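The values are calculated or read from the model by the stated rules, or taken from the named source; none is laboratory data. Worth saying up front: this structure is predicted, and the values here are computed from it rather than measured. Because the Cβ atoms are built from the backbone with ideal geometry, glycine has one as well, and the counts that use them run over all protein chains shown. Areas reflect the complete protein model, heavy atoms only, side chains present, ligands, DNA and RNA absent. Shrake-Rupley method; radii C 1.70, N 1.55, O 1.52, S 1.80 Å.
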Amino acid sequence: MKKGLSFRLIFFIVLIAVFFIFVKFIADIPLIYYSFLVAIIIFGYMFIFRPVVFVEKMVSSAINGDYSGTSLGQVSIKKNILGKAGRIGEELNLLFNRQMVSQESLNILFAASKTITSRIEINDVVNMLLDLVHQKMMMPSTSILFLDDDGLLRIKASRGLTDQFVRNIHLHPGEGFAGRAFLTKETLIINDATKEKNPETAILEEKEGIMSYVHIPIIVNDKAIGVFNVNSRTKRFFDTNLVKTLITLADYLAVAVGNSKMYQDMQEFSRRLELEVEATTEELTNTNLRLISKVKEMKALNDIIFSATGKINIDEMFATVIDKIKFVTSVSLVGFILYDEQNDTLVGVGDFKGFELALSDEPSSILAKSFKNVSTFISNELFMESSPDIQKLYKDYGATSLIVLPLVEKKTIGLFVLGNKVTGKFSHDDLRFLSVVASQIAGLIDRAKIYEQLSRRVNDLITLRDISNTIKTEPQLDEIIEVLADKTIRALESDYAIFWLVDDSQKFLMPLFPPDYAEKDIMKIPVESDALISKIFAEEKVQTTNEMKFQNEAYNNLRETSGIKSHLFVPLKVEEKNIGLFCFYSKLQNFFNDDKIQLAELMAGQTAAIVENARIHNHLKKVNVELERLNSVKNDFVSMVSHELRTPLTAIKGFVHVILNEEAGKINEQQKKFLGIVDQSSNHLNRLIGDLLDLSKIESGLITLKLEQLDLADVIRKSVETNINQIKNKNINLQIEIDRELPKINGDHSRLMQVYNNLISNAVKFTDIRGQITITVREKGDFVCSSISDNGIGIPKEEHKKIFEKFYQVDSTHTRIVGGTGLGLFIVRTIIELHGGNIWLDSTPGSGSTFSFLIPKIKRAGLSDKVVRIKKTGLSGK
């Protein structure tokens with residue numbers, strides 16, 4: 001009520017002052033001036049100040065439900081009237097409060113920034129910030145919630161809120177409006193708590209009279225650490241400017257929290273640093289005397305590291321280190337017990353050579369615990385120790401006192417063991433010094449192992465290269481098997497190797513041995529049998545075994561007499577096809593470790609490809625010999641048949657001409673027609689025989705060209721004359737376009753006639769009646785380009801490359817009607833290439849075809865009348 005009264009009083013005074021100034025400017029007579037002033041005061045009191053006070057009281061009583069002394073009808077009327085009036089007053093009050101807050105915003109922000117820069121303690125900053133919001137911004141209540149250790153948001157500081165409200169607010173992130181603002185890291189504004197009720201806090205908010213509020217997440221390093229809450233008892237109180245101011249305050253608070261945390265971290269670091277400095281100083285003071293006494297030992301340690309660093313071989317390194325350590329530490333027993341990952345055992349080196357401890361059998365032994373737990377062990381009275389591994393060292397190696405340190409390089413690789421100190425007993429000073437030595441030795445061992453691994457990898461690569469080098473131009477399977485077996489045995493350091501290859505029938509595994517290792521008369525094994533080797537082959541997996549029984553006694557005898565104790569089986573695969581097994585054998589137990597298995601797999605991959613290549617080569621060689629024999633038989637047959645056909649054909653053709661020319665007497669028209677058909681068929685058969693003879697010459701590797709200077713125009717005219725009857729019979733329009741000054745070429749007249757005859761004949765065959773054929777000859781650089789075009793059926797694009805292959809014909813109904821052997825274009829291409837030219841086709845189905853070829857204008861001197869030969873290898877399609 002006091003704040004409302006102050007507002008009304010200020011409003012009334014401001015109004016009087018405005019009227020007073022106005023009257024002063026318009027009234028010149030004092031009496032009028034003072035009279036008007038009194039009238040304004042009375043008017044303002046009666047009609048402005050008093051009604052406003054009255055309305056506010058009525059609104060307050062109506063809202064609070066206080067209608068004492070009022071009838072029910074009057075109550076209803078008053079509620080309606082006063083509700084409207086109350087809302088108007090409420091709006092006026094809201095506007096005024098917002099104006100006051102806005103005017104104070106800059107001062108508040110300045111004060112907040114000043115607080116942040118001047119205060120380090122976060123509690124001070126929080127309290128100052130809450131005081132600014134509560135007092136300066138005149139907010140009824142405000143609070144700050146932080147995420148507690150139990151994962152709940154709780155109020156850490158507040159102003160204007162009851163203790164009950166503070167105690168009962170504990171929210172999970174995402175729970176309630178505050179939890180949602182925290183989880184989403186977004187500001188949440190509720191301007192009417194009666195409409196947007198928070199299920200978790202609605203009752204508490206109603207008791208506090210909170211009508212609108214805002215939750216602003218406090219974000220430090222992009223992580224929400226709390227929520228800044230500001231409440232109002234007025235609806236729709238928080239506008240954009242006010243929220244922006246509050247967000248800025250929340251940002252200031254986040255900066256303060258970050259600075260405070262940084263300051264705390266620095267203080268903590270400083271405290272730790274001071275403690276460490278104190279501890280270090282004390283330790284340095286305490287160990288100074290010890291360090292003086294250990295100078296000689298440290299020099300010796302340097303000698304140990306230096307001498308061991310120059311040793312690449314791990315055994316040499318161990319020997320050097322052991323000698324140096326005995327001199328430095330005055331002990332009689334020094335050794336290393338290293339972990340064998342393959343067998344899960346600890347194996348002794350140096351003075352403890354021969355010592356073995358299976359970790360799986362004695363997991364509770366002292367050495368096993370020291371290895372697994374990375375812990376040290378020291379004892380000056382071993383006879384008192386009951387652990388079997390320590391007793392073994394005591395009895396078998398004469399150790400009476402012992403110190404054990406783990407060797408760690410990323411992981412535990414073994415134990416550093418010293419026994420029997422000559423002067424005195426092992427102490428913790430010895431333990432501290434030897435720990436440094438152990439860490440250095442672990443690095444040296446790891447470096448030596450890495451060098452050994454690199455050396456093995458280099459040797460593996462050399463082995464793989466050597467295996468690749470066994471590939472020959474004409475590989476022989478037996479020779480390659482022998483070479484591969486020798487190389488792989490040396491690489492794996494095994495004793496024996498056997499290849500098991502599937503035979504051609506895919507039913508048996510055939511063993512192939514290098515000659516010196518076993519007899520070759522050992523029986524083969526069926527793939528589908530119950531033999532272990534067959535099962536391993538079927539599983540197609542790398543397998544190792546120490547015991548293996550064969551169904552075949554010969555194999556068992558070989559294993560027993562050879563003393564084999566370890567077996568390694570690696571599948572031989574080529575493109576996912578299993579072709580056999582590569583088997584390695586050793587006389588040592590558990591010989592094949594992971595490194596050897598990995599190398600064997602790499603070798604098997606290359607070996608399988610080489611072996612399969614040799615088998616395929618041998619097979620292809622046999623097939624090739626047979627094909628060459630069949631080809632020779634075919635060529636001889638074609639040549640013989642062609643010659644034998646040509647002789648009677650010549651006689652038939654001669655007698656047909658005699659009868660047609662009526663040299664043997666008169667014949668009628670029907671007889672002439674029949675004999676004409678016989679003559680055409682004879683010519684067609686003659687051409688076929690000629691093609692077969694040419695093919696025979698080409699495939700035999702020799703075809704001759706008699707080169708001379710030619711005018712292509714003469715060749716074309718003669719070819720047209722040869723084919724003129726076919727052209728006229730189909731009423732085809734023939735067009736010839738030849739350059740007037742066409743250069744001469746070096747060529748074989750009869751062979752070029754054969755080229756033009758073939759191309760023109762094809763154009764006629766595949767051109768419909770009354771079609772169009774065009775022959776064009778043009779000079780084109782160093783060549784003469786000839787083209788024979790037609791508007792016939794055309795040839796599909798996918799057939800263009802195949803069209804020049806021998807015996808190839810485009811698969812179409814028209815082709816089957818006109819017939820042919822499919823040799824013409826093959827012979828044409830061969831003749832053109834012999835002339836140093838090339839031929840190509842341009843065609844579109846339904847639009848015709850154009851065959852074009854180039855013949856050089858100029859040939860080298862001395863080609864005239866010279867026989868040109870070609871080889872069969874030069875006849876592959878282009």
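If we count every other residue with Cβ under 15 angstrom of N723's Cβ, Lys/Arg +1 and Asp/Glu -1, where does the sum land?
Working: positive: R687, R717, K718, K728, K730, K765; negative: E721, D790.
For residues surrounding N723, the net value is +4.
Distance cut-off 29 Å, Cα to Cα: go down the list K353/K596; K235/K261; K156/K244; K197/K261 and report the pairs above it.
Working: K353/K596 24 Å; K235/K261 37 Å; K156/K244 23 Å; K197/K261 36 Å.
Where the Cα-Cα span goes over 29 Å, the pairs concerned are K235/K261; K197/K261.
If packing is taken as the average number of other Cβ atoms within 10 Å across a peptide's residues, how do 424-434, 209-219 rank, most packed first? Could you put the intermediate results ahead of the total?
Details: 424-434: 15.0, 209-219: 22.2.
Top to bottom by mean Cβ count within 10 Å: 209-219, 424-434.
Give me the accessible area per residue for the range 677-790, probe 1.4 Å, as a whole number in Å². Present the calculation step by step, with values, prior to reporting the outcome.
Values: 5600 Å² over 114 residues.
Dividing the accessible area of the range 677-790 by its residue count gives 49 Å².
Considering only Cα-Cα distances, which of the following residue pairs are longer than 32 Å: K697/K728; K621/K806; K324/K565; K326/K587; K672/K797? List each step's numbers first, then the result.
On the way: K697/K728 34 Å; K621/K806 24 Å; K324/K565 39 Å; K326/K587 37 Å; K672/K797 44 Å.
In this structure, K697/K728; K324/K565; K326/K587; K672/K797 lie more than 32 Å apart at Cα.
Would you list which aspartates and glutamates come within 13 Å of K487, measuring only between C-alpha atoms, while excluding same-chain residues fewer than 8 positions from it?
Leaving aside aspartates and glutamates fewer than 8 places away in the same chain, those within reach of K487 are D460, D466, E479, D495.
In whole Hz, with x marking every Gly and Pro, tabulate ³J(HN,Hα) for the range 201-213 from phi via Karplus 6.51 cos²θ - 1.76 cosθ + 1.60, θ = phi - 60°.
10, 4, 5, 5, 5, 5, 5, 7, x, 7, 9, 8, 7
HN-Hα J couplings of the range 326-331 from phi, Karplus 6.51/-1.76/1.60, θ = phi - 60°, integer Hz, Gly and Pro as x?
Karplus values, whole Hz, x for Gly and Pro: 4, 5, 6, 9, 6, 10.
Would you mind calculating the gained length between D503 and K185 on full extension (0.36 nm times residue separation, minus the Cα-Cα distance), in nm to one decimal?
Numbers: separation 318, 0.36 × 318 = 114.48 nm, distance 7.32 nm.
Once the chain is fully extended between D503 and K185, it gains 107.2 nm.
Working out 0.36 nm times the residue gap between F269 and L620, then minus their Cα-Cα distance, what length gain in nm do you get to one decimal? Working shown, then result.
Details: separation 351, 0.36 × 351 = 126.36 nm, distance 8.01 nm.
The span from F269 to L620 would gain 118.3 nm if fully extended.
Sequence-distant or interchain residues sharing an amide H contact under 5 Å with M137, placed H: which?
Those qualifying (amide H under 5 Å, at least 5 residues apart or on another chain) number zero.
Relative to the present Cα-Cα distance, how much length would full extension add between Q135 and A358 at 0.36 nm per residue of separation? Let's see the in-between values first.
Details: separation 223, 0.36 × 223 = 80.28 nm, distance 7.79 nm.
Additional length available on full extension: 72.5 nm.
Net charge around L710, counting only other residues with Cβ within less than 9 Å of its Cβ (Lys, Arg = +1; Asp, Glu = -1)?
Working: positive: K744; negative: E708, D711, D714, D748.
In short, -3.
Of the heavy-atom accessible surface of the range 164-271 (probe 1.4 angstrom), what whole percent is carbon and sulfur? Don't skip to the end; give the middle numbers.
Values: 2910 of 5580 Å².
Within the range 164-271, the accessible surface is 52 percent carbon and sulfur.
Based on the Cβ-Cβ distance from E601 to D396, what FRET efficiency comes out when R0 is 41 Å, to the nearest 0.05? Walk me through the intermediate numbers first.
Working: r = 40 Å, r/R0 = 0.98.
Given R0 = 41 Å and the Cβ-Cβ separation, E is 0.55.
What does the net charge come to around Q391 if you take all other residues with beta carbon closer than 14 Å to its beta carbon, with K and R at +1 and D and E at -1?
Details: positive: K392, K395; negative: E362, E381, E385, D389, D396.
Spelling it out: positives minus negatives among the neighbours equals -3.
Along the range 617-630, what does the Karplus equation 6.51 cos²θ - 1.76 cosθ + 1.60 (θ = phi - 60°) give for ³J(HN,Hα), rounded to whole Hz, x for Gly and Pro?
These are the phi-based 3J(HN,Hα) values: 4, 4, 5, 5, 5, 5, 5, 5, 4, 5, 5, 5, 5, 5 Hz.
Rounded, prolate or oblate: which one fits the range 147-201, using the alpha carbon gyration tensor with axes a ≥ b ≥ c (rounded when a/c is under 1.5, else prolate when a/b beats b/c, else oblate)? Could the numbers behind the result be given before it?
Working: a/c = 1.76, a/b = 1.11, b/c = 1.59.
Because a/c hits 1.5 or more and a/b fails to exceed b/c, the range 147-201 counts as oblate.
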